[in-house]
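Below is one structure, written out as structure tokens, with a few remarks after it.
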């Protein structure tokens, strides 16, 4: 009997304990934890994402380049659709019934209970019509966001564009949801996290007709969007616009840099496109057209095009030859055209004359001395030793490697090394006689235009450069990324740069680049005519000015335009004058360049 009573007590205690646990759980769910309440309230609540305005983009002088305009997205919550006049809504939105069904199907696949994008970027006119009838369309509401807008049709490759996120981005980056926008290219991509700001959310109570009845919980659960930070670029909008004007009807690029800082003053790729084409509902259609265009306007030649540098590469060979001690300022070589073809000019009895007149046989001999210094009696092994040392020295100038610019898509170009030639020809099967064209900037050497301008900065600075960059200032930030403040030094004595600078000044004053002369401004430059097996040669020119305390270093590359002094040099000269004097004193030269055919 006692055992039976004890069992009743134990069983009763267990029942009481279980009942107590259930009561506690119900109290927690109904009073303390509100998530289930909110989940149930999804039927009568609307969660509207509050998109922040993206940060504005200015040029180096504070001129506004990119701003925002209001846009309207029509959102849908499929579960809330009731007694919808589908035909009427389609007429307002200017879409077909089939389009409506496809969009609604996608929304249902995403979620029947959560809002998703139905029609993006309504025009102001369409939005005004829709707003009057929106109360009739249960389950639909409008969400405001901003679109990028541009004051001028310029700098498309620099600024980049913004587009809708895809499934991959959504899966990899939790911040983004379907229908969000992200920087796809250019500065918009590089500084996305700074420009985008931080999203907020507002929770509204709505009635059965989808009309807002007020904020939920007095707005206590709302979050405020944080506007993106404004940024100032290093480019001059005015100089950029001139560069694009000068490159009209031409294929190629212009890159201008401030040598003392590495700040990019202009970055022109031609052909280009109007950045407004990649904004709004027409973005996808326009992108497809631009992408299929045979002139490749989306291709950023300033960062991605790999060219033979031509005779501008002779400056590199001069500096390396001097540093190695295989030539000196008074070294002279005959213009022996049996070695390599050359134009008619006075005999280069010293290095200055060789640069001034751009003598090909002279640099055939210089490169020969650099590569084959007699370290080994085997000429193949000797060439390997020479190329290994030479390629390392050339890369110190920022050539043949990625410059860590704050734009996506930069290419390395190519400075061939021993491994490259062993793969190309086979180990022990090549020597100087196989690769001599490198000495005059042909052969296997390939340089990207940004690298050309950066190399020109090295000469202007007499032996160092700062990594080229486009960010000058971020709002409410005192500094830029530290990598852009680091000085990159080249292992060449400063006095050799003085010698080369003297010669480059003569190139402009009395050499192959007379069209680059500017009154009262000493310009130091070097022309190049890069051979093109597929057509007319390319016109190349590098320069910096003024000679003392240079303010601008520039590289111009015009495809299939012939001699460097004919087109590239005058383009560079006009850009230099505009930047240093804020004016053009030679309208006839400007017209000559613009009227290029």
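Where a number appears in this text, it was derived from the coordinates with a stated rule and is not lab data. Here the structure is a predicted model, which is why all the values come from computation and not from measurement. Because the Cβ atoms are built from the backbone with ideal geometry, glycine has one as well, and the counts that use them run over all protein chains shown.
When the gyration tensor of segment 279-342 is built from Cα positions, what are the square roots of 5 times its three eigenvalues, in whole Å, from largest to smallest?
Numbers: eigenvalues 455, 47, 8 Å².
That gives 48, 15, 6 Å for the three semi-axes.
With label points built 7 Å along Cα→Cβ from the Cα atoms of residue 79 and residue 296, find their separation and express it in nm.
5.1 nm
Testing the spin-label approximation: label points 7 Å from Cα along Cα→Cβ at residue 45 and residue 169. State their distance in nm.
Distance between label points: 2.8 nm.
Which FRET efficiency value, to the nearest 0.05, do you get for residue 433 and residue 63 by plugging their Cβ-Cβ distance into 1/(1 + (r/R0)^6) with R0 = 51 Å?
Working: r = 55 Å, r/R0 = 1.07.
With R0 = 51 Å, the Cβ-Cβ based efficiency is 0.40.
So how do 63-74, 443-454 stack up, highest first, on mean other-Cβ count within 10 Å? Intermediate results must be reported in sequence, preceding the final value.
Numbers: 63-74: 17.7, 443-454: 26.3.
Result, highest mean first: 443-454, 63-74.
Under 1.5 on a/c is rounded, so check that first for segment 421-519, then, if it is not, pick prolate when a/b is larger than b/c and oblate when it is not; a ≥ b ≥ c are the square roots of the alpha carbon gyration tensor eigenvalues. Could you put the intermediate results ahead of the total?
On the way: a/c = 2.28, a/b = 1.31, b/c = 1.74.
Verdict is oblate for segment 421-519.
For n ≥ 4 DSSP H runs only, could you compute -39500 (n - 2.57) per run for the chain, divide by its residues and tell me the 222 nm figure to the nearest 500?
-10500 deg cm²/dmol
Please work out whether the chain counts as rounded, prolate or oblate from its C-alpha gyration tensor, where a ≥ b ≥ c are the square roots of the eigenvalues and a/c under 1.5 means rounded, while otherwise a/b larger than b/c means prolate and anything else oblate?
prolate
Please arrange 571, 169 by counting, for each residue, the other beta carbons lying within 10 Å of its beta carbon, fewest first. Before the final figure, lay out each step's value.
Values: 571 31, 169 14.
By the 10 Å Cβ count, ascending, the order reads 169, 571.
Please compute the length gained on full extension between residue 131 and residue 248, using 0.36 nm multiplied by the number of residues separating them and subtracting their Cα-Cα distance. Each step should come with its number before you reach the end.
Details: separation 117, 0.36 × 117 = 42.12 nm, distance 4.44 nm.
So the chain would gain 37.7 nm between residue 131 and residue 248.
Over segment 196-352, what per residue volume does the convex hull of the Cα atoms give, in whole Å³?
Residue-normalised Cα hull volume stands at 242 Å³.
I need to check one value: relative contact order of segment 380-463, counting alpha carbon pairs closer than 8 Å and at least 6 residues apart, in percent.
Averaging sequence separation for qualifying contacts and normalising by length gives 34 percent for segment 380-463.
Limiting things to C-alpha atoms, what are the Rg and the maximum Cα-Cα separation (Dmax) for segment 45-233, in angstroms?
17.9, 57
Going by how many other Cβ atoms sit within 10 Å of their own, how do 410, 205 line up, fewest first?
205, 410
Below 8 Å between Cα atoms, with a sequence gap of 6+, how large is the relative contact order for segment 269-317 in percent?
38 percent
Calculated FRET efficiency, residue 328 and residue 124, Cβ-Cβ r, R0 60 Å, to nearest 0.05?
Computed FRET efficiency for residue 328 and residue 124: 0.25.
Put a dot 7 Å past each Cα toward the Cβ at residue 102 and residue 341; how far apart are the dots in nm?
Computed distance between label sites residue 341 and residue 102 equals 5.6 nm.
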